[in-house]
Structures are given as structure tokens and as C-alpha cells.
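Read the structure below first, then the notes.
The values are calculated or read from the model by the stated rules, or taken from the named source; none is laboratory data. Everything numeric in this text was worked out from a predicted model, so none of it was measured. Backbone-built Cβ (ideal geometry, glycine too); neighbour counts: all protein chains shown. Calculation scope for accessible area: heavy atoms of the full protein, side chains included, ligands and nucleic acids excluded. Shrake-Rupley method; radii C 1.70, N 1.55, O 1.52, S 1.80 Å.
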Amino acid sequence: MAGLYEVGQLTREAAKRSDDVREPARPVAVNDDAVRSALAQHLSRISGSRTEIVSFGRKSSGFSWITYAFVARSAAEGDRKLILRVGPPNGLFAPYSVLPQVYALQSLHGSGVPVPALVSAEQDGAEIGFPFFICAHIEGDVPAPWAASELDPDHKRDIARQFVEILASLHRIDPGTTPFASLQQGEQRAELHAIAGWRTSLARPTARYYPLLDWGGRWLHDNCPQPPRRTIVHGDYRIGNFIEHQRKITAILDWELTHLGDPHEDLAWAMMPTFNARSRKLYGVLERAEVIDLYQRASGIAVSDKSLAFYEAYALYQAAAIQMCAVRAFEVDCFNDMRLAVMASQMPSIVRAFERALEAAA
């Protein structure tokens with residue numbers, strides 16, 4: 001009972017602090033024309049050649065950063081197809097840092113993990129008005145697992161196996177030789193810091209209150225296993241976060257949640273049925289045992305059933321917290337993406353799945 005009281009007290013205190021500092025919400029609209037004009041000035045400055053922006057438009061993919069595709073045209077470099085991503089102040093994970101994305105694109109370029117080439121980035125966003133980074137455009141499609149039923153099963157199996165092998169390649173990289181090492185702040189493990197952050201997020205007054213998430217967050221924090229080794233963790237490694245071209249994965253995307261941690265975290269997140277059209281198979285084709293066997297052989301890391309069960313529960317807890325962040329971004333911070341408005345409807349099923357996963361992990 002004392003433990004439950006302590007968790008509930010955390011919720012009330014966090015909610016009170018949030019109430020004390022909250023100001024009336026003011027919609028923040030990102031003006032595409034202003035972004036385009038500022039982008040032209042920025043690229044002209046860093047290239048030393050007058051740059052024109054053509055074919056500029058938003059892409060609908062993603063729920064967090066705003067993504068633009070465009071062509072940068074200059075006399076010096078000709079036409080370059082590029083991608084701009086900006087972090088709006090009222091976005092899903094605001095306030096944004098470009099550093100995880102920048103570290104990923106810098107560190108992994110030329111490795112066994114395909115990423116777009118980084119062109120430019122600014123944390124203060126002085127020229128464009130928001131934190132941003134620019135990278136090369138990669139040809140191909142972003143596969144949606146729920147829309148892949150028309151694909152040949154052998155095609156999907158090829159992609160799924162590449163997906164697992166690339167994850168193994170990521171986890172084989174020594175983070176100490178890359179800028180990722182600076183992501184580890186202080187002595188606290190990144191996964192414990194993340195759990196604490198999600199707990200605080202769920203304690204905000206605009207979040208719906210779920211007692212199981214309240215208690216479960218504390219249990220996750222107190223029972224987090226030691227990693228077999230500390231690796232670069234993508235943080236959102238799933239079907240839908242890569243580009244496929246001619247039956248090959250050509251780029252892994254969306255590195256904003258990357259950190260140093262336990263490789264089981266990425267493996268558990270990738271296998272969540274939510275990201276596999278509700279199938280227990282990866283991309284609907286690879287059985288769980290096949291995924292684990294392939295990953296172990298490719299990475300050299302022995303998968304612990306206990307650690308994997310823990311991170312499967314953690315994945316659902318994180319998914320619940322992200323849903324509530326989305327609801328807050330829409331309802332309180334006025335982020336104008338209607339997809340965020342309906343995310344609360346998914347909470348009951350996530351909480352039920354989290355309860356089952358906790359029982360399996362305990």
C-alpha cells in the first residue's frame with residue numbers, strides 16, 4: 001500500500017508542478033512559405049552559392065517532426081533532392097534536440113546501417129525558426145505494414161531478414177568510438193532516465209489517469225535488468241521507419257529517440273504486434289523464434305528471455321505514454337495534426353496488453 005501511495009503522490013505532485021507553470025496555450029503554426037524562404041537563405045550561406053528552393057512541400061509521414069521534401073537548385077551544385085525536418089515548439093516530443101539525429105547520421109554513414117547523408121543542422125534554428133536538420137533524399141518507399149498484404153511473401157521475408165540483420169549491425173558498433181558516447185549523461189542508465197521521463201509525462205494533468213500505468217511505471221523502474229552490453233539503441237526501430245527500394249532497405253529513419261542502452265529494447269519494440277499489422281510475426285512473415293535466432297547469430301548477443309519479456313512490457317508502457325503525449329500535443333499545445341486527436345481511443349487496448357505483458361515479465 002505504501003508503494004502505491006508513493007506512486008500516486010508522484011502523480012499528484014507532478015500534476016501540481018505542471019499546473020503551476022502552465023500558461024494559456026497559444027497555437028503555433030509553422031508557416032511553410034516562411035520556412036521555404038529561410039531555407040533558401042540558409043543553403044545559400046553554407047554553400048556559398050545562391051540557392052533556389054523548388055518542388056517544396058510537406059510530407060505526411062511521421063507524427064513528431066515536420067518533414068519537407070524539396071529540390072535545392074544552384075549554379076555550383078545543380079539540383080539536389082533533399083529532406084528538411086523541423087521540430088515545432090508544440091510537437092509531440094517538444095522541446096526538440098537535433099543531436100540524436102545528427103549523431104546517428106554522422107556516426108553511421110558508411111557503416112552497415114544505411115542512413116541518409118547529413119547536409120546541415122542547427123539546434124537553435126536561428127535561420128529557420130525551429131531546430132532543424134537537412135539530409136539527402138533517398139529514393140524508395142516507406143512500407144506500411146497494414147498496407148503490405150499485396151506484397152509477395154518472399155519479398156516481405158527478404159525485407160524482414162534485412163531489417164533484423166541491420167539491427168544486429170547497429171548493436172555491434174562500439175558506441176565509444178562515435179559521438180553517441182556523449183548521449184550518456186551522468187551515472188544514471190539511459191533506460192532508467194527514460195522510464196522516469198515517461199512516468200512524469202503520464203503524471204501531467206492533461207493525461208488520462210490509468211492506475212495500472214501508475215503502478216507499472218514504478219515496477220519497470222525498480223526491476224530494469226542489466227544489459228548484456230551497452231549498445232546504440234535506435235529507440236523506434238520498427239516496420240515503417242525505413243525506406244525500401246528495389247527489394248532492399250536503403251535507409252533507416254527517425255533517430256530522435258536514440259540512446260545508449262540495452263539491445264533488447266529495440267528487439268522488443270520491433271516485434272510489437274502494433275507495428276506488424278497486429279500479427280505476432282515480424283512483418284507478418286517471420287516467427288518470433290526465427291527473429292531471435294537470426295538476431296543472435298548476426299549480432300553475437302545472446303537474447304535473454306527475461307530481459308526480452310521486460311522490454312516487451314516496457315514497449316507497451318512507452319506506447320501508452322506516447323499516445324498521451326500525442327493527445328496533449330493536440331488538445332493543449334494546439335499541434336494541428338488530426339491523427340493525434342484520435343490516439344486516446346487506442347489506450348484501453350494498450351493498457352490491457354500492458355497488464356498481460358507485466359504478468360509475463362514479473
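What number of residues within region 121-159 satisfy the criterion of being closer than 30 Å to I301 by Cβ, more than 19 Å from the chain's Cα centre (by Cα) and of a type in the set (G, A, S)?
The number of residues fulfilling the criteria is 2.
What is the number of the single condition among (1) open to solvent by less than 30 Å² (accessible area, probe 1.4 Å); (2) modelled with pLDDT of 95 or more; (3) of a type in the set (F, W, Y) that F56 does not meet?
(1)
Considering every residue within region 197-213, establish whether at least one is among the polar types (S, T, N, Q), farther than 24 Å from H171 by Cβ and part of a loop (DSSP other than H, G, I, E, B). Working first, answer last.
Within region 197-213, the subset among the polar types (S, T, N, Q) is 200-201, 206.
Those still in the list that are farther than 24 Å from H171 by Cβ too: 200-201, 206.
Then drop every residue that is not part of a loop (DSSP other than H, G, I, E, B), which leaves 206.
Yes, the conditions are met somewhere in region 197-213.
Given the options E165, E150, E187, E191, name the one that is modelled with pLDDT under 95, out of contact with any Pro (no Cβ under 9 Å at 6 or more places or on another chain) and over 27 Å from S60 (Cβ atoms).
Numbers: E165 fails: modelled with pLDDT under 95; E150 fails: over 27 Å from S60 (Cβ atoms); E191 fails: out of contact with any Pro (no Cβ under 9 Å at 6 or more places or on another chain).
Checking each option against the conditions leaves just E187.
I'd like the residue in region 60-78 that is in contact (Cβ under 8 Å) with a residue 24 or more places away in the chain and touching a strand residue (DSSP E or B) at 6+ places or on another chain (Cβ under 7 Å) and, out of all such residues, is surrounded by the most Cβ atoms within 10 Å (Cβ to Cβ). Please lay out each step first, then the result.
Initial filter on region 60-78 (in contact (Cβ under 8 Å) with a residue 24 or more places away in the chain): 61-66, 68-70, 72, 74-77.
If we keep only those that are touching a strand residue (DSSP E or B) at 6+ places or on another chain (Cβ under 7 Å) too, we end up with 61, 65-66, 68-70, 72, 74.
Numbers: S61: 14, W65: 23, I66: 20, Y68: 21, A69: 15, F70: 22, A72: 25, S74: 17.
Filtering first and then ranking leaves A72.
Take the residues of region 277-329 that are surrounded by fewer than 20 Cβ atoms within 10 Å (Cβ to Cβ), among the hydrophobic types (A, V, I, L, M, F, W, C) and closer than 24 Å to L151 by Cα: which is farthest from the chain's Cα centre (by Cα)?
Among residues in region 277-329 that are surrounded by fewer than 20 Cβ atoms within 10 Å (Cβ to Cβ), among the hydrophobic types (A, V, I, L, M, F, W, C) and closer than 24 Å to L151 by Cα, the one farthest from the chain's Cα centre (by Cα) is A289.
Take region 112-126 and flag every residue that is at pLDDT 90 or above and either buried (at least 16 other Cβ atoms within 10 Å of the Cβ) or of a type in the set (S, T, Y) (or both).
Answer for region 112-126, where residues must be at pLDDT 90 or above and either buried (at least 16 other Cβ atoms within 10 Å of the Cβ) or of a type in the set (S, T, Y) (or both): V113, P114, V115, P116, L118, V119, S120, A121, E122.
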